[in-house]
C-alpha cells in the first residue's frame, strides 16, 4: 500500500508527522506523494479540505484518513496520541471505504468564459458592496428571486460547516442531496423569499442567475476567486465522490452532539 502524509504547519502537527512517518516506514508502507492509495491528513478539517483539493484530480483512486491535532473534527477520525492504533488499522486494511457526495459547480461569466469546480463542503455567492439580486432555478424552473447578502450551496458533509452558521439544516453525509441556505435575505411586504433552507434531490440541479451588473464574490470551499461579472452558476451532485477508509468513519450524530451540544466523546 502506498501512503502519503498531508499536514498543516503547526508544531504539534509536525511532531505527529515525524512520528507517523517513522512508524509507517518501519511497518513496511511505501511513502508516495504522487500516486498514493491513502492520504493521511494531519491537522483539522481545514487541512483535510486542503488535502482533498490537492488530490482532487485523482479523488476516484485515493482514500482519505484524518488525524486531528486540535479540536474534534467531522473529517478527522484519529487523535494525535493514537498513531500506533492507526498504523495497525492500516496494516489490517481490507480496502473498504465510505463515500460521500461532492458538489459540482459550473460558472459561466458575462464575457463568455467558464470555470468548473469541485467542492467538498460548499460554494457561496455574494455581491460586493450592495444587495445581491439573483433568480434561483431548480431543474430549470424559476423558484424565487432572492434579495439579500448571498447564498450558500452545500453538500451533506458541508452541512455542519458554514451552512449551519447561516441557519441551514444538518444532513447526514450518507444522503445524496444539495442544500441551499439564504444569507440574510430581505423579506418584507414587497420582496419575498422562501426564507428557509432548501434541500433538493440528487438528480436536481440549482441554477443561480444574477439580475444586476457588477462583480460577485464566489467561493468553492477554501478557494476565493477574483471578482468577475457572472452570467450564471449551476450546482449539482458531482459524478465523483470522496472516499474515507472505513476504519472508524462513522458515528456522525455523536460527532454533531460533541461538537455543537457539548456531549462527551
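Just so you know, all these numbers are worked out from the coordinates, no wet-lab data involved. Predicted model, so just to flag it, every value in this text is computed and none were measured. Here the Cβ is made from the backbone with ideal geometry for all residues, glycine too, and neighbour counts use every protein chain on show.
Roughly how far apart, in whole Å, are the Cα centres of the range 1-38 and the range 116-174? Value for the Cα centre distance between the two parts: 35 Å.
Among beta bridges identified by DSSP and lying wholly in the chain, the antiparallel ones come to about 75 percent.
Once the mean of 1/r is taken over each pair of separate Cα atoms and inverted, the range 102-239 shows a Kirkwood hydrodynamic radius of 14.8 Å. Across the range 36-56, the residues whose backbone nitrogen lies under 11 Å from the label position 7 Å along the beta-carbon direction of residue 259 are 45-46. For a test of the definition: using alpha carbon positions, the gyration tensor, and the 1.5 limit on a/c, classify the range 175-265 as rounded, prolate or oblate. Cα axes put the range 175-265 in the prolate bin.
Ranking of 235, 117 by neighbouring Cβ atoms within 10 Å, starting from the fewest: 117, 235. Over the residues of the chain, the helix contribution to mean residue ellipticity at 222 nm works out to -4500 deg cm²/dmol, using -39500 (n - 2.57) for each DSSP H run of at least 4. Highest-first packing order for the peptide set 222-232, 45-55, 149-159, 97-107 is 149-159, 45-55, 97-107, 222-232, based on the mean count of other beta carbon atoms within 10 Å.
Maximal additional length on extending the residue 176-residue 84 stretch stands at 29.7 nm, based on 0.36 nm per residue less the C-alpha distance. Net length available on complete extension from residue 10 to residue 99 is 29.2 nm, with 0.36 nm assigned per residue and the Cα-Cα distance removed. Can you tell me the FRET efficiency between residue 27 and residue 165 if r is taken as the Cβ-Cβ distance and R0 is 25 Å, rounded to the nearest 0.05? So the FRET efficiency works out to roughly 0.05. Reported to the nearest whole Å, the Cα centre-to-centre distance from the range 176-252 to the range 61-101 is 28.
Remark: the residue 54-residue 18 segment gains 10.9 nm on full extension, using 0.36 nm per residue and subtracting the alpha carbon distance. With the convex hull drawn around the C-alpha atoms of the chain, the volume per residue stands at 136 Å³.
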